[in-house]
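Notes for the one structure printed next.
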Amino acid sequence: MNTRRIGSLTVSVVGLGCNNFGRRLDAAGTERVVHAALDAGITLFDTADIYAKGESEEYLGRALGARRDEVMIATKFGKPMDERRRGARPEYVRQAAEDSLRRLGTDHIDLYQIHEPDPSVPIAETLGALDELVRAGKVREIGCSNFSAEQLREANGAAPPGAARFVSVQNEYSLLNREPEQGVLAECERLGLAFIPYFPLASGLLTGKYRAGKPAPAGSRLASDGKTGSRVSEDELALVERLIAFAESRRHTVLELAFGWLIAHRLVASVIAGATKPEQVTANVAAAGWRLTNDELAEVDAIVGAPVRARGGALTAVTLTPPCPPSARARCAGSGATPPTQYGERDAVGHPTRASAPTSLRASSSPPPLHTTLPRGTHIGRTPPHR
């Protein structure tokens, strides 16, 4: 299992999303999935207090047991647990952290993330409370989720020198939802943040089990609808079929394509996918083995370049602003192009300090940053589901 960094944390490039624990899986089922993940080399387990109203954290803590120190636990706060327990007020941040520590059965949280922005609370106040938790040794690193590029900039500017600041952002990102390319990825590059994609398999569409003209498999998320197309548009299924054909022409699966494409982005620290069965965990880990070439990445961009109607949403087409190459830096000012960014060096605890050598957004230094090869300057947009 390859590893990457989230601040000072070293994590497996494939992580386990724990939103099924307590919802689709009971304690025994959770234990089987967690043990399969441990055996496969997964070290990042991502949960949240809101998942199954706290049961996900409880089941995860119990399943890890004595092996807790072998892994990194990431959890989140902020989404409503009830009318009183919600948001990012400093007093609630402290309470939510204590509640999560108790449910997880641990004395520290490795990555503590605000689940969504709280416009009613100045971000500086939230960061102050999170910094207290870091200084108290109850939290190692802090991150955020569902933040825009502008909100990332605001949060970075609100953290005093020497205080804890976000080291990661967790937003939806997949071959079927490339919204982070509108600015979040570039901001991660500028600030030195790790990016953690959630819904990397587009709620199962990129597993290959949903096919055009065929009913959803029994027991799947869409099976209760009676047919695949009732919750998935024909455009989406047609696109998935093209991706399947591309992967199979190279003796791979669309699952391998979904993982490999994300891992090709250097800023992606870990691809967290949920699982309800041990064999799904094994398949996810194995899927990370495809290292796409530059030509393959360009072909994928061509396949997914046309906009697709989001489930329950409108057709979205977004023009991507190409990065400005170093040779044309002087001309960037009035062109609207984005100057090349630099990855920040980090101090002893992984916080950005000063700019270092320029790097690309993909794992290899040779592919172009972002996806500048998209035809007609468009990409898929999807209305993010509640998460």
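Numerical summary
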{"item": "Intensity falloff of segment 23-122 expressed as log10 I(q)/I(0), Debye formula with alpha-carbon point scatterers, at q = 0.11 Å⁻¹", "result": "-0.32"}
{"item": "Listed residue (Ser8, Gly137, Ala40) projecting farthest to the positive dipole end of segment 1-149, Cβ model", "result": "Ala40"}
{"item": "Sorted by Cβ density within 10 Å, fewest first, the residues Glu83, Glu187, Glu70, Glu31", "result": "Glu83, Glu70, Glu31, Glu187"}
{"item": "Calculated over segment 172-215: convex hull of Cα atoms, volume per residue (Å³)", "result": "62"}
{"item": "At most 12 other Cβ within 10 Å, DSSP loop - trypsin sites (Lys or Arg not before Pro), segment 234-294", "result": "Arg251, Arg291"}
{"item": "Semi-axes of the equivalent ellipsoid for segment 125-187, Cα gyration tensor, largest first, Å", "result": "25, 13, 8"}
{"item": "Computed lengthening from Ala163 to Glu91, 0.36 nm per intervening residue step minus Cα-Cα distance", "result": "24.1 nm"}
{"item": "Theoretical FRET efficiency, 1/(1+(r/R0)^6), r = Cβ-Cβ of Arg67 and Lys209, R0 35 Å, to 0.05", "result": "0.70"}
{"item": "Simple Cβ-charge dipole of segment 7-127, Lys/Arg +1 and Asp/Glu -1, about Cα centre, in debye nearest 20", "result": "220"}
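Bear in mind these aren't lab numbers, they're just calculated from the coordinates by the rules spelled out. Computed from a prediction, not measured in an experiment: that's the story for all the values here. Cβ coordinates were reconstructed from backbone atoms using ideal geometry, including for glycine residues, and neighbour counts include every protein chain displayed.
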